[in-house]
4 protein chains.
Amino acid sequence: MTKDIITRYKDVRQATLEFCKPLHIEDFSIQVVQFASPAKWHLAHTTWFFETFILKKYVTDYKEFDSNFNFLFNSYYNGVGDRILQNNRGNMSRPSTDKVFEYRNYVDTKLLEFLVDVSDENIIKLIILGLQHEQQHQELLMTDVKYMFGHNPILPVYQDNFNKVNDTNTTTNSIKVTSGLYKIGHQAPDFCYDNELGVHQVYVDDFEIHNHLVTNGEYIEFMESGGYSNFNFWLDDGWSWVNSNKITAPMYWHKIDGEWQYYTLSGLKKVNKDAIVAHINFYEASAYAEWKAMRLPTEFEWEIAAQHLDWGKRWEWTNSAYLPYPNFETENGAVGEYNGKFMSNRMVLRGASVATSKNHSRSTYRNFFNPTERWQFTGIRLVK
Amino acid sequence: MTKDIITRYKDVRQATLEFCKPLHIEDFSIQVVQFASPAKWHLAHTTWFFETFILKKYVTDYKEFDSNFNFLFNSYYNGVGDRILQNNRGNMSRPSTDKVFEYRNYVDTKLLEFLVDVSDENIIKLIILGLQHEQQHQELLMTDVKYMFGHNPILPVYQDNFNKVNDTNTTTNSIKVTSGLYKIGHQAPDFCYDNELGVHQVYVDDFEIHNHLVTNGEYIEFMESGGYSNFNFWLDDGWSWVNSNKITAPMYWHKIDGEWQYYTLSGLKKVNKDAIVAHINFYEASAYAEWKAMRLPTEFEWEIAAQHLDWGKRWEWTNSAYLPYPNFETENGAVGEYNGKFMSNRMVLRGASVATSKNHSRSTYRNFFNPTERWQFTGIRLVK
Amino acid sequence: MTKDIITRYKDVRQATLEFCKPLHIEDFSIQVVQFASPAKWHLAHTTWFFETFILKKYVTDYKEFDSNFNFLFNSYYNGVGDRILQNNRGNMSRPSTDKVFEYRNYVDTKLLEFLVDVSDENIIKLIILGLQHEQQHQELLMTDVKYMFGHNPILPVYQDNFNKVNDTNTTTNSIKVTSGLYKIGHQAPDFCYDNELGVHQVYVDDFEIHNHLVTNGEYIEFMESGGYSNFNFWLDDGWSWVNSNKITAPMYWHKIDGEWQYYTLSGLKKVNKDAIVAHINFYEASAYAEWKAMRLPTEFEWEIAAQHLDWGKRWEWTNSAYLPYPNFETENGAVGEYNGKFMSNRMVLRGASVATSKNHSRSTYRNFFNPTERWQFTGIRLVK
Amino acid sequence: MTKDIITRYKDVRQATLEFCKPLHIEDFSIQVVQFASPAKWHLAHTTWFFETFILKKYVTDYKEFDSNFNFLFNSYYNGVGDRILQNNRGNMSRPSTDKVFEYRNYVDTKLLEFLVDVSDENIIKLIILGLQHEQQHQELLMTDVKYMFGHNPILPVYQDNFNKVNDTNTTTNSIKVTSGLYKIGHQAPDFCYDNELGVHQVYVDDFEIHNHLVTNGEYIEFMESGGYSNFNFWLDDGWSWVNSNKITAPMYWHKIDGEWQYYTLSGLKKVNKDAIVAHINFYEASAYAEWKAMRLPTEFEWEIAAQHLDWGKRWEWTNSAYLPYPNFETENGAVGEYNGKFMSNRMVLRGASVATSKNHSRSTYRNFFNPTERWQFTGIRLVK
């Protein structure tokens, strides 16, 4: 088992570095907006997790890499000391990017040495949690870099032909599910987050769910029929958001010479009408559904139908608020600050996106974001 | 039936006026904070409802009282024209209070004349909706006046011995409910809001719910044990709220000479430790529950247990987000803007409060507020 | 002399009440914007001055009217205790307007009793200061009421045919002044503020100053020639102000059916092109001058030329910052907080306006406001 | 003459690069606060000046380095096209630092080629203006880097033993000046900014001006005697600033283990009580003077006494607002946007600081900043 863990540890850690290769040193320190952290911060923070929860706790005579780093690269774990405010993360040109790569090396070396003889299940569970955590940050790293470049007036190219995937629907059918009691929550013995636990029954009525997501072409119809200027389609908070931000299209869309284009990590591209729409927030998803006289699925409907659905290219907004399952319990200590404390004002997204790390998706996974947020690869699935 | 409606119309309209009697003219126009409207605005807005949705639509040759009033006293109904921004409602010394009372008289007279011969079920339904609407505003009127006086440095008395009720728990027991499928939603033929409709089944696990609410004395224990300064008890958004607002006690509480007092509409009083705590928001309710190692009920648990519970003195925060029931449909037209569009970022409260109008409560009623709000008479019920 | 003082006291105090006669009770408590205080506050604050600086100090056994009033109606005198924040003045429906009138009567009665036997020069100076202070508040009272009504969507009429004056220029000539040393500052023995004292010499070059102010018609030319959209005319801070507030005309102007109208205390009127423009701020005055390839006078040029000028209908923006004269000394104690502490970030205005109280103007008077402010009756005089 | 210009051009351009040598690549792109620009921006913007106003205008067939740069590196010159907002300058990781150095090289090469044959006085004047401009940015570069490092939690060292100067007063005497008419403004034929021109006479009264600046030790006395908590010493706007920002010491000061230390570009150092205080704003300078029962000089007093004064280590706050001299005229076109448009809401500073570039100071130089700003090396000189 440990050998397997070691391989996985190396793979996940390496994947983070792979993504960074096309970046310039300047790209690592910038923070354009509060919710998007600098690349350097992701690199250090994921490392800090292993240093703090494993090396410092379990390795005798472990010598901390730098005593400032706990303060600098703690994200929101109040339990392990002071931390800098989230919107100051981009003010730090130092520690330098080199120093942060050194930090990764240092911690990797120490951890791999330590892992050789580890058999304690609790430690292995923490390693796995740390790797899952790093995979989450890999996705954020990609979306945060996209945000930074996509808001730079010169729209830099991260990499030509990056992440080419088939972004179109494979079917046009729907799945019918009959009413009844269904089991919800993670039941397999493998890893999941605490917020997926607490298997419980949920009663759902009959529903019919699309086996395809809304495309750019369909979304343009919504836009062209005045979707963004008719309050009837919008939740009240969504209508305020549209108006105070003067929103008229998904994030990263630009109308250039009468034609819709969007920024991608490979630069500006014409909008492909057959591709699945991305970078819309919950309010836009909800308004689109209203305009179609349909609705978004609940997270339970989604999970029940998941095995029959084509999913994995977009995080799909559900109409479920992010709340605890019955019998939800947070883990003890700082690692328990992971999920539970965000259980207000967020909506659940199900599925996975083109930016999600390999082996980091499952049908019980509960992603969650504020309803205003658009910088993830988010999409819309409809239910009748 | 119409006779009954007429009586009810008179009673409800009169109840609004009764509450206003102790007010001075100056008290009618002030808006201290965006969410609390001036008394004058409540008086006019509830009247505007009857004028707009009934008199203007169904009374031939009806002569509008004042053409400005649609703009001034429309609250948030985008469907019926422009409206002033909510935070400008308190900038208006004119129309004067007298003018607004005149408006009420005018509309009442016209409406009562008209009602004599009405048998159309749709109109009667609109009248009832208008009365329910007015009753909601009666509660807001009371809480808004309390907010205004409670934030005036001289803490004026609205009325001595106002609204004396027994504010203490009557029992200390708990109710056990066994797991199973339960029907949720309004089933009787009488009035309810659209958000209560769509009777549907919900599966709940076993639970045990307190038949009493948290008291001031218990809440003081939470405060004195450092409840407001230990992040472990708080949702992340709640912790930000506590810190950015430097909250250390429920709204209206003042520590004077080492002793807790609170502002009531009868002036400043010593905190009664046996009385049920009020004026706490969802974050505080949630933190208190966490501190007690218990939790808040879901709105379904609450509704299932309601017939066995002592309720009605406080709006009780549930841990359910305000979302549509399955098959929820908004009414057509402007009256349909009533409930559905608020279905994001709000939490459901169940029960009723000491400020709730008579005959305006039922066990299926879904009240909803932002999790930050405290100016309603809100309380905490716990579940194991 | 005291008799004269008594008459003056009665006259000035009465003038405040005269202005209030057309107001409704609701009009006394509203605060629409931080810089404009409620009428009730002006009534009480001017009274508080006499109570605090005279009655409480010099009248044995004087019984304070209400101990809360020092806190409620102190404006910015840090030396005499806590005060409510300026932007909370409008949150107070209580004390009621009646109570404030009672306060005025009480203080007037006590003061007039006391004045009979007063001969102490220091007390008489304080009385005079208090009356000058009240006269300043009379002007603010009028402009604050105008602001409140002018921002009410129904634009109420304060009084028909109010304050009819000839608002046009009487000449079109200019005054030439030759270079040299001139004496600046108040030299007569009668009352002036501390900021006018310290007579000193100032050297000015030759200048030629208009004996007329810019008219509405001339200002419309500036507007129509793109004055508000050409950055070349604007100070940098002014350009930011124009753009962030989307300014396109003076305050109170509305383009209705293609025609400029403005709100006056007698209601909405067509803009009279021959009348002198009002309600423009320093940035607008400065931009207009730049557009005309002229400039605003310094406060010294203005004072030197004043005896030859037709002035008194508008406060005229000068291009002088409000700074101390050489040898400026503030008075001791709280009354010394009157002027000196505002000597940064304000520009000097000279002259007087249609809203200025009788006998409250002189050629050495230094009025001062932030360069952004427009709610006073401000105008533009040009210099070559 | 052109040879001399070429040498000067090379020297000034090189000095900018010298300062950058100790910086890491990460340090070039960060913007911590709106008023402090990233180093990369300074490097490019000073280069943009030469490209825009000389190469593009006078060099036939000049090929622009990159057409985006006009937008990216224009500071506030509205006359030459769109520009990015000042507070977005730090969002740009690209163009990379290397690219910006390449830009400098490119422009330098083209300009030096061009300069060989230039004799046109207007072009030479523009070159000199460009070099003066670059010298101003050299000072900002240093103070902006200090701000960035001084607000990084790990307080990085820019360079050990950087810029060691004798920071103490050399005398303790005062200079007496007798009243009379004095000439103000730049009279020599060499370079000055437009705001120094318009030699004119100013009458001043007798005054006595310190030939030394306030020291850290003296400033600590002010602090320890409650200077920051006694409103009597403060201008009203200053008092608001102190309270809303909770200011208790100059910028960069930290009380560590009971001892005052300050951040310098060589790291944290003990406060030297004999050194001249720095990093205080106008309000603090004014409050200190008030506490001492003295005052700040006007800019005229300063200029008149300058030849007898020891100056040049600090920018010295005067009590003069930044306003035009009589007959002030801005230059035509975009270079005329340099000074005039800032003539509101700023105070004049005279002298020069330890960060001022060599040969970039003269007794008629008028520096200006908002009264709140502290990140320059500012000091206090007193007058009786």
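The values are calculated or read from the model by the stated rules, or taken from the named source; none is laboratory data. What you are looking at is a predicted structure, and each value in this text was computed from that prediction instead of being measured. Because the Cβ atoms are built from the backbone with ideal geometry, glycine has one as well, and the counts that use them run over all protein chains shown.
A few comments on the model shown:
- Of the criteria (1) under 21 Å from the mean Cα position of the chain (by Cα); (2) surrounded by fewer than 24 Cβ atoms within 10 Å (Cβ to Cβ), which one D:His308 fails: (1)
- Residue in the stretch C:221-237 that is closer than 27 Å to C:Tyr322 by Cα, loosely packed, with under 14 Cβ neighbours inside 10 Å and free of Cβ contacts under 8 Å to residues at least 40 places away in the same chain present: no
- Residues within the stretch B:250-276 that are in a loop (DSSP other than H, G, I, E, B), at positive phi and at pLDDT 95 or above, tallied: 1
- Any chance D:Glu64 is under 16 Å from D:Tyr106 (Cβ atoms), surrounded by fewer than 21 Cβ atoms within 10 Å (Cβ to Cβ) and over 18 Å from the mean Cα position of the chain (by Cα): yes
- Filtered residue count, the stretch B:296-309, keeping only those that are closer than 12 Å to B:Lys176 by Cα and within 14 Å of chain A (Cβ to nearest Cβ): 2
- Taking (1) surrounded by fewer than 20 Cβ atoms within 10 Å (Cβ to Cβ); (2) within 14 Å of chain B (Cβ to nearest Cβ); (3) farther than 21 Å from B:Ile25 by Cβ; (4) at pLDDT 95 or above in turn, C:Asn70 satisfies each apart from (4).
- Test set (1) within 14 Å of another protein chain (Cβ to nearest Cβ); (2) surrounded by 22 or more Cβ atoms within 10 Å (Cβ to Cβ); (3) touching a residue at least 60 places away in the same chain (Cβ under 8 Å) - C:Pro324 fails condition number: (2)
- Taking residues in the stretch D:150-166 that are closer than 18 Å to D:Ala278 by Cβ, and partners anywhere that are modelled with pLDDT of 90 or more and acidic (Asp, Glu), the pairs with Cβ atoms closer than 9 Å and at least 6 places apart or on different chains are D:Tyr158/D:Asp27.
- One residue stands out in the stretch A:223-235 among those that are of a type outside the set (Asp, Glu) and assigned to a helix (DSSP H, G or I): the one that is nearest to the other protein chains (Cβ to nearest Cβ), namely A:Phe231.
- One residue stands out in the stretch C:96-136 among those that are at pLDDT below 95 and charged (D, E, K, R): the one that is nearest to C:Glu51 (Cα to Cα), namely C:Lys125.
- Selection of the stretch B:147-172 for residues being in a loop (DSSP other than H, G, I, E, B), polar (S, T, N, Q), modelled with pLDDT of 90 or more and surrounded by 13 or more Cβ atoms within 10 Å (Cβ to Cβ) yields B:Asn152, B:Gln159, B:Asn169.
- Which numbered condition C:Asn327 fails, given (1) touching a Phe, Trp or Tyr at 6+ places or on another chain (Cβ under 7 Å); (2) over 28 Å from C:Gly238 (Cα atoms): (1)
- Matching entry among B:Ala285, B:Ala289, B:Ala293 (being among the aliphatic types (A, V, I, L, M), within 14 Å of another protein chain (Cβ to nearest Cβ) and at positive phi): B:Ala293
- Residue in the stretch B:187-203 that is of a type in the set (Ser, Thr, Tyr) and modelled with pLDDT of 95 or more present: yes
- Matching residues in the stretch D:129-153 - criterion: being more than 13 Å from every other protein chain (Cβ to nearest Cβ) and polar (S, T, N, Q): D:Gln132, D:Gln135, D:Gln136, D:Gln138, D:Thr143
- Of all residues in the stretch C:128-143, none satisfies being in a helix (DSSP H, G or I), within 29 Å of B:Ala39 (Cα to Cα), in contact with a helix residue (DSSP H, G or I) (Cβ under 9 Å, 6 or more places away or on another chain) and charged (D, E, K, R).
- Count - residues of the stretch D:251-275 that are away from every other protein chain (no Cβ under 14 Å), in contact with a Lys or Arg (Cβ under 6 Å, 6 or more places away or on another chain) and touching a residue at least 24 places away in the same chain (Cβ under 8 Å): 1
- Checking A:Ile247 against (1) of a type in the set (Val, Ile, Thr); (2) within 14 Å of chain B (Cβ to nearest Cβ); (3) not in a helix (DSSP H, G or I), the condition it does not meet: (2)
- Residue within the stretch C:33-53 that is within 13 Å of chain B (Cβ to nearest Cβ), assigned to a loop (DSSP other than H, G, I, E, B), of a type outside the set (Ser, Thr, Tyr) and farther than 17 Å from C:Tyr103 by Cα present: yes
- Some residue of the stretch B:206-222 being assigned to a loop (DSSP other than H, G, I, E, B) and touching a Lys or Arg at 6+ places or on another chain (Cβ under 7 Å): no
- Some residue of the stretch A:1-23 being buried (at least 22 other Cβ atoms within 10 Å of the Cβ) and more than 19 Å from A:Glu139 (Cα to Cα): no
- The stretch C:294-335, subset over 28 Å from D:Asn370 (Cβ atoms) and acidic (Asp, Glu), residue modelled with the lowest pLDDT: C:Glu331
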